[in-house]
Structure formats: C-alpha cells, structure tokens
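Peer 1: There's a structure below that I have some questions on.
The values are calculated or read from the model by the stated rules, or taken from the named source; none is laboratory data. Everything quoted here is computed from the prediction, not taken from an experiment. A quick note on method: Cβ atoms are made from the backbone with ideal geometry, for glycine too, and the neighbour counts reach across all protein chains shown. Each accessible area value is taken on the protein alone, full model and side chains, heavy atoms only, with ligands, DNA and RNA left out. Shrake-Rupley method; radii C 1.70, N 1.55, O 1.52, S 1.80 Å.
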Amino acid sequence: DNDKFIYKAKGATVESTLSRRKRDARRRLDHAERDQVRKPMMVWEWDPQAKHFMKEDVNGWLRQDGEGKYLNRLLIWETKQPAGLYIVGVDASHGITGGDNAAVEVLRVSDRMRPDEQVAEWCGNIEPGALAEVVWKIGHMYNVDGHPAKVAVEVNPGSPGMVTQEVL
C-alpha cells in the first residue's frame, strides 16, 4: 500500500510538472508570435448607430485579450501616402449572429520603391447593406487626389456581396 501511495504521488507530480511546462511553453510561444506581428499604428472602432469610426487607444487595445478585440475594429498599419494606389477587398457576410464575419482589407499597390502590402483591415458581423457604409468610409480614408480607393467586392450568385455592391 505504501508503494502504491508513493507511486501515485510521484506520478501526479510528474503529470502536474509536465502540464505546467506545456502551459508555460504555449504562453511563451504565443508571446513570441504576438511580438513578431507588426503592431497597428491606429485602431478605430465602428459605431453602427452613428455610422462612423471612433479612435481607440492603441496601447489599451493591444493589452486586451480574446478574439472579440478585433470585431468592428479598423486596424491601420499605414495611412494613405501621396501618389499611392489603394485597393479595398471586401468579403461580405449575412450579418447573422454566430455566422461568418465580414472582412475588409486595404492593400497598397506596389510601385518601384515598395512591394504590395496590406495597410489596413476591418472585420465584423454586419449585414451586407450596413457593410457598404463601412466600406465607403474606409475607401474615402484612402483617397488620393480626391479619388477614393478602388473597391472589389466578392460577388457570387446569391451571396451577401451582391447587396453590398448594390448599396455602394
């Protein structure tokens, strides 16, 4: 009986130690991955009632945890540059709770000095008609010489992108 007790106690200690080490390793890996990702220079939250973006404190936003911190947020890594050409890619959603999120990506088209690069991103669960308002605002944020960014909406037969495209 004493041998069984000692074995169980040692086994539990080993399992506990391994479990703790796995958690610590996962945490270190998560921090390393997070540190490799380019941090946004600005974060804006979409207010659907007011139909505009409200600026957030980037450092406060970075300290938040969880996937919810990205919803209805416009992350900006680079503001518009003179003589830049920007394209806004749109993947609409039906706006159903628990369904897929809509996504809006802003890309800077390459020139001789710089490669193509993603410069902003927004995602959220929003109806396709309301998404058009978000896209319109983002497109005008990246206007150059008075012209908004070019917009490409994913449109398939019966997809929510058809509604977004019609409203735009």
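Peer 1: Open to solvent by 70 Å² or more (accessible area, probe 1.4 Å) and under 23 Å from ASP47 (Cβ atoms): is that true of VAL167 in this structure?
Peer 2: yes
Peer 1: Continuing with this model, one more query. Within segment 64-87, how many residues turn out to be at pLDDT 90 or above and among the polar types (S, T, N, Q)?
Peer 2: Count: 2.
Peer 1: Please pick out the residue among LYS137, LYS80, LYS150 that is of a type in the set (D, E, K, R) and farther than 28 Å from LEU62 by Cβ.
Peer 2: Answer to the check: LYS150.
Peer 1: I've got another one for you. Failed condition for TRP61, given (1) in contact with a strand residue (DSSP E or B) (Cβ under 8 Å, 6 or more places away or on another chain); (2) modelled with pLDDT under 85, with all others met?
Peer 2: Against the list (1) in contact with a strand residue (DSSP E or B) (Cβ under 8 Å, 6 or more places away or on another chain); (2) modelled with pLDDT under 85, TRP61 comes up short only on (2).
Peer 1: Only one of these is assigned to a loop (DSSP other than H, G, I, E, B) and of a type in the set (Ser, Thr, Tyr): THR79, THR164. Name it.
Peer 2: Of THR79, THR164, the one residue that is assigned to a loop (DSSP other than H, G, I, E, B) and of a type in the set (Ser, Thr, Tyr) is THR79.
Peer 1: In contact with a Leu (Cβ under 9 Å, 6 or more places away or on another chain) and open to solvent by 70 Å² or more (accessible area, probe 1.4 Å) - does that describe any residue in segment 122-134?
Peer 2: No, the conditions are met nowhere in segment 122-134.
Peer 1: Please verify whether GLU33 is in a helix (DSSP H, G or I) and either open to solvent by 50 Å² or more (accessible area, probe 1.4 Å) or modelled with pLDDT of 90 or more (or both), treating the condition exactly as stated.
Peer 2: yes
Peer 1: Does ASP116 qualify as being modelled with pLDDT under 90, open to solvent by 30 Å² or more (accessible area, probe 1.4 Å) and closer than 28 Å to GLU67 by Cα?
Peer 2: yes
Peer 1: Restricting to segment 137-151, name every residue that is open to solvent by 20 Å² or more (accessible area, probe 1.4 Å) and more than 18 Å from the chain's Cα centre (by Cα).
Peer 2: HIS140, ASN143, VAL144, ASP145, GLY146, HIS147, PRO148, LYS150, VAL151
Peer 1: Let me ask something else. Mind listing whichever residues of segment 96-113 are modelled with pLDDT under 85 and touching a helix residue (DSSP H, G or I) at 6+ places or on another chain (Cβ under 7 Å)?
Peer 2: none
Peer 1: Is it the case, given these coordinates, that GLY129 is modelled with pLDDT under 90 and either within 17 Å of SER159 (Cα to Cα) or outside any strand (DSSP E or B) (or both)?
Peer 2: Against the criterion (modelled with pLDDT under 90 and either within 17 Å of SER159 (Cα to Cα) or outside any strand (DSSP E or B) (or both)), GLY129 does not qualify.
Peer 1: In segment 62-113, which residues are surrounded by 12 or more Cβ atoms within 10 Å (Cβ to Cβ) and at positive phi?
Peer 2: Scanning segment 62-113 gives ASN72, GLY95.
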